[in-house]
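**Student:** Provided herewith is a single structure, encoded as structure tokens, for subsequent inquiry.
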Amino acid sequence: MSLLASKPEDSLALLRRLGIGVPESGAPSAAPGGYSKGDVINGEYRVLDAKEGGFGRVYLCEDLEPERRARGNRLVALKTPLRLRLAKGTDIDLFYAEAANWISLGSHSNIVYAWGFVEIARMPFVAMEYIENAVTLADEIDAGRTDWRVALRIGLGVARGLAHAQAEASLVHGDVKPLNILITPAGAAKVTDFGLSLIDPGGDDPVDGAICGTRGYIAPEMHRGNSGRSQPADMFAFGVTLFQTVTRRWPFPPGGPGPGPASAPPDAREFTPQVPAEVALLIAECLRSAPALRPPSFASLAERLESLHRRLLRTGPSTDASPDAPPRSEALVNAASSWHNLGQWDKARGVAKQAIAADRTNWKAHTELGCIFVSARDYSEALAPRGPHRGEALVRTRAPDV
């Protein structure tokens with residue numbers, strides 16, 4: 001799914017209409033290219049650190065907004081594309097699609113929570129929860145601190161998170177790997193980085209035909225050109241992740257095409273004999289060459305992992321703490337504002353009405369709904385009395401020419 005037009009020039013035109021700051025030449029605007037440690041972004045976020053990749057930059061910030069701080073939300077991560085990438089329509093599509101997919105996920109204890117999509121200094125940002133002192137599963141594997149018990153506990157959390165993504169937003173993650181799994185200080189697993197995620201149309205067809213992901217985790221059917229990103233491909237990558245967690249080895253050479261059509265999946269017990277047979281079998285099923293022979297869904301896989309957790313560890317799996325999310329009405333306002341900023345006004349309007357239904361005294365919800373009506377040029381609705389504020393003030397603020 002593309003939030004913007006299919007042609008780069010159409011995407012740039014839409015960005016200009018949304019006020020993102022790409023001039024007619026297609027080059028980036030002259031706004032500052034980045035922030036440094038100690039800078040305050042938009043009067044709300046003080047930069048503590050910044051990390052940059054090939055596509056974007058993530059700022060770790062101290063949240064200065066009093067209302068959010070009162071709820072204990074001290075830290076936030078702001079992700080934004082590199083300014084030079086904004087002139088490329090395909091890169092714009094990717095960032096906006098990631099933002100929309102992350103917002104669609106809502107709140108789940110095994111997924112990094114996205115507060116919302118915002119525009120700051122004419123640049124798009126996704127604001128996300130920041131888990132202080134978290135490590136990645138890749139860090140733990142490299143340090144030799146994983147075994148089959150860790151695989152059960154972390155694997156269950158990841159399966160629950162990916163099952164939620166499928167049920168809540170029909171999402172295929174597209175890049176499941178240890179580096180995209182955070183482990184909180186309390187030991188909970190959180191899936192992150194939905195940069196390659198796509199909406200799954202359902203049925204037997206793959207989401208797309210592109211080979212995407214990280215070398216070593218790409219499913220064999222993608223190498224053979226028979227499929228693109230899909231839930232079975234995510235399941236294969238999940239199997240590679242569990243195999244590494246248990247054995248600290250690759251199940252297949254990472255530079256190769258993976259198992260052949262007739263190849264049997266590897267048995268983790270060949271490298272780590274103490275792995276229970278049931279755990280080794282589950283991992284092997286995820287690594288089967290034929291997509292149809294892998295577990296049918298992450299929801300069913302989570303049930304199996306929970307059963308194994310109870311039988312083998314003789315204890316029920318812990319209930320992971322809820323994410324650092326705001327109250328329901330406030331979260332809905334954030335989502336409505338995000339859809340509004342993304343130009344999806346029908347969806348924004350529906351979510352804003354849900355926020356009002358959840359708390360009719362929430363003035364932010366009424367105000368956001370009025371602003372959405374203005375953007376959609378529905379001035380009669382925008383002028384209507386709305387909660388503690390009249391829509392007329394919104395029209396005068398957002399549309400002075402009417």
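**Student:** Hey, among 72, 43, 54, 34, which residue is surrounded by 11 or more Cβ atoms within 10 Å (Cβ to Cβ) and either out of contact with any Pro (no Cβ under 6 Å at 6 or more places or on another chain) or modelled with pLDDT under 70 (or both)?
**Tutor:** Every option except 34 fails the conditions.
**Student:** Go through the residues of region 137-151 one by one and say whether even a single one is surrounded by fewer than 19 Cβ atoms within 10 Å (Cβ to Cβ) and under 18 Å from residue 331 (Cβ atoms).
**Tutor:** no
**Student:** Right, another one. Could you tell me which residue of region 210-224 is modelled with the lowest pLDDT, considering only residues that are farther than 15 Å from residue 291 by Cα and of a type outside the set (A, V, I, L, M)?
**Tutor:** Checking each candidate, the answer is 212.
**Student:** A follow-up question, please. Residue 251 - would you say it is closer than 24 Å to residue 150 by Cβ and surrounded by fewer than 23 Cβ atoms within 10 Å (Cβ to Cβ)?
**Tutor:** Considered against the rule, which asks whether it is closer than 24 Å to residue 150 by Cβ and surrounded by fewer than 23 Cβ atoms within 10 Å (Cβ to Cβ), residue 251 comes out as no.
**Student:** In addition: Would you pick out the residues in region 106-163 that are within 30 Å of residue 340 (Cα to Cα), out of contact with any Phe, Trp or Tyr (no Cβ under 8 Å at 6 or more places or on another chain) and either aliphatic (A, V, I, L, M) or free of Cβ contacts under 8 Å to residues at least 40 places away in the same chain (or both)?
**Tutor:** 111, 112, 120, 121, 123, 131
**Student:** Okay, moving on. Do any helices (runs of 4 or more DSSP H) entirely within region 82-191 hold 3 or more residues that are β-branched (Val, Ile, Thr), and if so, which?
**Tutor:** Ranges flagged: 89-104, 148-169.
**Student:** Looking only at region 21-29, decide whether some residue is of a type in the set (A, V, I, L, M) and either part of a helix (DSSP H, G or I) or at pLDDT below 50 (or both).
**Tutor:** Yes, region 21-29 contains a residue that is of a type in the set (A, V, I, L, M) and either part of a helix (DSSP H, G or I) or at pLDDT below 50 (or both).
**Student:** Do you know which residues across region 57-69 are in a loop (DSSP other than H, G, I, E, B) and either exposed (fewer than 12 other Cβ atoms within 10 Å of the Cβ) or not acidic (Asp, Glu) (or both)?
**Tutor:** Passing the criteria: only 64.
**Student:** What pairs come out if I take residues in region 275-302 that are in contact (Cβ under 8 Å) with a residue 40 or more places away in the chain and under 24 Å from residue 165 (Cβ atoms) and pair them with residues that are in a loop (DSSP other than H, G, I, E, B) and β-branched (Val, Ile, Thr) whose C-beta lies under 7 Å away, six or more apart or interchain?
**Tutor:** No pair meets every condition.
**Student:** Only one residue in 287, 282, 242 is modelled with pLDDT of 90 or more, assigned by TED's automatic domain parsing to the domain that holds residue 139 and surrounded by fewer than 23 Cβ atoms within 10 Å (Cβ to Cβ), so which one is that?
**Tutor:** Going through 287, 282, 242 in turn, just one is modelled with pLDDT of 90 or more, assigned by TED's automatic domain parsing to the domain that holds residue 139 and surrounded by fewer than 23 Cβ atoms within 10 Å (Cβ to Cβ): 282.
**Student:** All but one of (1) within 20 Å of residue 295 (Cα to Cα); (2) outside the structural domain of residue 217 (by TED's automatic domain parsing) hold for residue 112; state the number of the condition that does not hold.
**Tutor:** (1)
**Student:** Separate question: So, of the residues in region 155-181 that are surrounded by fewer than 19 Cβ atoms within 10 Å (Cβ to Cβ) and of a type outside the set (Gly, Ala, Ser), which turns out to be nearest to residue 295 (Cα to Cα)?
**Tutor:** 166
**Student:** Additional query: Does any residue of region 250-260 turn out to be assigned to a helix (DSSP H, G or I) and in contact (Cβ under 8 Å) with a residue 24 or more places away in the chain?
**Tutor:** No.
Yes/no per residue for (1) basic (Lys, Arg); (2) more than 20 Å from residue 238 (Cα to Cα):
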{"residue": "95", "(1), (2)": "no, yes"}
{"residue": "100", "(1), (2)": "no, yes"}
{"residue": "112", "(1), (2)": "no, no"}
{"residue": "117", "(1), (2)": "no, yes"}
{"residue": "146", "(1), (2)": "no, no"}
{"residue": "160", "(1), (2)": "yes, no"}
{"residue": "164", "(1), (2)": "no, no"}
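**Student:** From the list 234, 267, exactly one residue is among the charged types (D, E, K, R), in the same structural domain as residue 200 (by TED's automatic domain parsing) and in contact (Cβ under 8 Å) with a residue 24 or more places away in the chain. Which is it?
**Tutor:** One residue alone meets the criteria, 234.
**Student:** Identify, from the list 67, 62, the residue that is at pLDDT 75 or above and within 26 Å of residue 193 (Cβ to Cβ).
**Tutor:** Result of the check over 67, 62: 62.
The values are calculated or read from the model by the stated rules, or taken from the named source; none is laboratory data. These numbers were taken from a predicted model, which means no experiment stands behind them. Here the Cβ is made from the backbone with ideal geometry for all residues, glycine too, and neighbour counts use every protein chain on show.
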